[in-house]
Each structure stands twice: as C-alpha cells, then as structure tokens.
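Encoded as structure tokens, the structure appears first; notes follow it.
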Amino acid sequence: MMQQLEEGFWQRNRSSKVDDVMETARNIIADVQKDGDKAIKAYTEKFDKIKLDRLQVSREEIEEAYEKVDPELVEELENAAYNIERFHKMQLPQDLWLSEVEPGITLGVKSTPLERVGCYIPGGRASYPSTALMCVIPARVAGVDEVVCCTPAPINPATLVALDIAGVDEIYSIGGIQAIAGMALGTESIEPVQKIVGPGNVFVTAAKTLLRGKIEIDFPAGPSEAGVLADDSCDPAYVASDLVAQAEHDPMSAFILITDSEDVAKAVDKEIEKQVKDAPRKEIIMAAMKNSGYIVADDMEIAIEMMNDVAPEHLCIQTRDVMDTLSKVKNAGSIFVGRYTPIAAGDYASGTNHVLPTASGAKLYSGLNVAHFRKTSTVQMLSKDGLDILSPTIRKISKSEGLYAHCNSVDIRLPKKKKSKDE
C-alpha cells in the first residue's frame, strides 16, 4: 500500500505550486485595492457561490452559534484554549531588560506587541475551530490590541465559538485571496492589519507572498504533512495511526516514514491497510497516499540525516532512545516524542501550536509562537563616562568611513581639553 520512495522524492514533490497562481492572485489583489468591499463580495459570489450583504459577522450570529454547538464541545474547546494560553505564556519575553555592561554603558532590549493583526482560518473540506484557537490566542497572549479573523462563508458554528473563546475582536466571513487582500490593504469595512498569520491553500499562500512588504506574514503554510522516525522498538499500529491521521486532512497532504528496518516498514504498511479500510475519509486518505511513502536507511544516523533534509511539518520519534534521536533533529515544525505522543495531541490539546511551516519550510521558519506578534528594539543608555569609554572607537571608525558628522556628535558632547601653555 505504501510506496517505497527514492531519496529526494519528498523535496521534489512538496515544492510549492504558488508560482502557478501568482497572476490570478495579483489580479484579485489589484481589484480589491481598487474596489474594496465590492470586489470582495464579487469574488466571494464567484468562487464560493455565496452572496454577502455584509462582510463582518455580528454578535448575534456568534450567540446563535453557541446554541448550535454541542455544550461538551464548547467545554473541550475551552480546555484546549486554556492549555494553549498556558504554553504560550511561557514564551512571553520581558517588556524591557537592561544590563550595565561597563560603568556608564547600559544596553538592553525592549519588546513591543503589534497593534493589529489578521488571522486566516481555512474552510472548505473541513472546519478548523482548533486553528482559530491556535492563531488568536498567541496574539492575545503577546498583547496585540486588535485581532481580526477571516474565514470562508458559511462559517461552521464551532469555528465561531472557538474564535469567541479565543478573544477575537472582529470576524469576517470571507476567504481566499480576497480575504488576505482585504486585511492587508483595508477596505470600507476592514481596517488594515500589520501582519497576517494562519495556514491556507496555494491561493492564500500566493496572496500572502505578494503582499509581504505591505504587511508582514508568518510563513508559507500549505497542505499538512508528517514524518516518522521509527526503529524496531516502535509499535507499528501507533506509527500507522499517525500517518493515516495526517493523510485524512487533504488529498494534497503527505507523510514519510524513515526507518532502518524493512520489517518495520512492512509491519506499518499492513497496519495502514487495516486502519484505512473503514476510515470515514478513505477517499482523501487514498489520494494523499500517492504523495507519501517510506524509505529504509542503512542505519538510524542516516535516517535522521534524511529526515533533517525532509524538514517535515510534524515529526514523530518512535525509536529506542528517543532523547538521543531528539538531540540530533535539526529541522521540524513540531516534534512528538515517544509512542504515547500522537500528532493529534499537538493538533488539539497539549497547548503547542499546530500552525507550522510545510514543504521543508522548517529549515528556515519556526512554527507560530508569541514572538510572531511582537517586535524588538535594542536600547542603549550612556553616561558621560560611558561615552568617554566608547569615544576612541567611534571616532576612529567613523573617520575611516568618511562620516565626520558622526565623529562630531561625540566631540560636541566630549570637547577635547585645550592644552595649556606649559604643556
């Protein structure tokens, strides 16, 4: 059932298809910039077959959503929100730290939250109330003043409830390129944001890429993926369950098992066949299987090297010495250590964030965290004596660069003493 992959298959096949839709994204962004709400409504009707009277979701609609959602689900969303908030509070930096590195020379860093950010929550094949929590709560913890969200209409009631639990300020029932453009550029209904975070399809990623510069973004986040490192100490059923869980997201999802044992690969393959047989989303899983497979490495050291090159969104470690394996992992969005740590724990309940870089993006980017919603300024504070210590360095280097006004800014504060006649 699983295909055996050649080394390099993943890197070739997980590359972004963003370039293919750039022209479409560019045209829609231009229309939104020109016509604002009118363009957003027109594209929503064209792509989503929904005619919107207004873009923003009302408080009444949110209250109605609570009535439609199972109270037990509301309770568990609140539990998940608590765990997410708890973990992200651990990441909070000091607002300001200062340290006197030499007498009269004090240096430090000031950390400041962004004022207004936008979150994109995907719709489509499935609703993702969990992603609503993952995007909004870190922004709130970071101290962002205003958090707005776009998600395609019709919005699942559970997503509305999750956004409310997370503490979002504004919700707009729009999706796709037009939603990203609306948040980035602003319209009659939407005030522009400083940064946009959240996963999306290739169109959303294209829009975020094109608008970077007008606004900041988190990172490109495409179809979900998982990697598993496993040796003969693993439970094949557990490994298979994580791979199948990842495959059920989307036909474009993918997984890769890298092991040092052909027997492990065969055992996992049998378990996948068993678990897929009666899976509710079997058709999607089977489509994702075409993007997925396994590699048998000569040993676990080589397996780990291969996985570092893959740099998966999610990485499960099911080896004999999990901590040793963990110490050698360099590139992964989020890491799940040990047989009792399914990816689903991070997706929903542990508190870590599931908005993560894909397509080997973990080589460059970190998953969504509090730092995405804050910016830092370095601080320096000198006394006269402190400036005196630094003055020879400033004078010499500034003159060597021909920047004499820089040198003068020191001289004017520390005028050289005139020599006496006796000297």
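The values are calculated or read from the model by the stated rules, or taken from the named source; none is laboratory data. Just so it is clear, the model here is predicted, and its values are computed rather than measured. Don't worry about glycine lacking a Cβ; one is built from the backbone with ideal geometry, like all the others, and counts go over all protein chains shown.
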In this structure, does Glu313 turn out to be free of Cβ contacts under 8 Å to residues at least 24 places away in the same chain and within 20 Å of Asp250 (Cβ to Cβ)?
no
Just to be sure before I move on: is Lys34 assigned to a helix (DSSP H, G or I) and either among the small types (Gly, Ala, Ser) or free of Cβ contacts under 8 Å to residues at least 40 places away in the same chain (or both) in the structure I sent?
yes
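Suppose we filter Ser253, Ser241, Ser224 for residues that are modelled with pLDDT of 95 or more, closer than 22 Å to Phe336 by Cα and of a type in the set (Ser, Thr, Tyr); which single one remains?
Ser241
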A careful count of residues in the range 8-31 that are assigned to a loop (DSSP other than H, G, I, E, B), in contact (Cβ under 8 Å) with a residue 40 or more places away in the chain and exposed (fewer than 13 other Cβ atoms within 10 Å of the Cβ) gives 1
When the residues of the range 183-207 are filtered to those that are of a type in the set (Ser, Thr, Tyr) and closer than 17 Å to Leu55 by Cβ, which remaining residue is surrounded by the fewest Cβ atoms within 10 Å (Cβ to Cβ)?
Ser189
Against the condition of a type outside the set (Asp, Glu), surrounded by fewer than 16 Cβ atoms within 10 Å (Cβ to Cβ) and within 45 Å of the chain's Cα centre (by Cα), how does Ser360 come out, does it pass?
no
